[in-house]
Amino acid sequence: MKTAIDAPADIVFLWLEDNDRLKQWVPNLVSDETIVETPEKIGTKFQQVFLENGRNMEMIGEITEYAENKLMRVIMHGDKFELDVSYQLNSLAEAQTEVTQDTQIKFKGFMKIMTPIFFVVSKLSKNNPQIAAHAKLKEMAEQEYRSRFV
């Protein structure tokens, strides 16, 4: 998924890596705590808690690739699935950034059987959470840029 945001990459990147900012645009994210932080960011580990259907779902993540204002990739492990999420930022203009998100999901245990069904449902759904999240990311990054620099 690609989204053009009217803000420079350094502002947009803040919204990808800052714990408090993440909670403002990632759906159902209620907690994001750093467990281990490394100076180079690769190897940094964190715990996120999501509220799903009235229940807390915990995931442990690790940054596996990192280039400030350009790239961040995280692997997240939960009870039922593993997520591999990468964000790549490309400057389109001085104050415009394209964010490309690639997400791979690997289901565990019984959930593996459901993989084809989840894939079809996600493609047909009009309420795609990734689209809503990118819209919120765009709104928040643009708002911060305007309030600080315009």
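The values are calculated or read from the model by the stated rules, or taken from the named source; none is laboratory data. Nothing here was measured: the structure is a model prediction, and the numbers come from that model. Here the Cβ is made from the backbone with ideal geometry for all residues, glycine too, and neighbour counts use every protein chain on show.
Taking region 57-82 as the range and being modelled with pLDDT under 95 and of a type outside the set (A, V, I, L, M) as the test, the residues that pass are Gly78, Asp79, Lys80, Phe81, Glu82. Take the residues of region 93-121 that are exposed (fewer than 13 other Cβ atoms within 10 Å of the Cβ) and under 27 Å from Ile5 (Cβ atoms): which is modelled with the highest pLDDT? Once the filter is applied, the top-ranked residue is Asp102. In the condition set (1) touching a Ser or Thr at 6+ places or on another chain (Cβ under 7 Å); (2) under 26 Å from Glu142 (Cβ atoms); (3) exposed (fewer than 12 other Cβ atoms within 10 Å of the Cβ), Val36 is compliant with all but (2).
If you filter region 52-68 down to residues that are touching a Phe, Trp or Tyr at 6+ places or on another chain (Cβ under 9 Å) and farther than 14 Å from Ile42 by Cα, you find that the one that is surrounded by the most Cβ atoms within 10 Å (Cβ to Cβ) is Met59. Within region 51-66, the residues that satisfy the criterion of being touching a strand residue (DSSP E or B) at 6+ places or on another chain (Cβ under 9 Å) and not hydroxyl-bearing (Ser, Thr, Tyr) are Leu51, Asn56, Met57, Glu58, Met59, Ile60, Gly61, Glu62, Ile63, Glu65.
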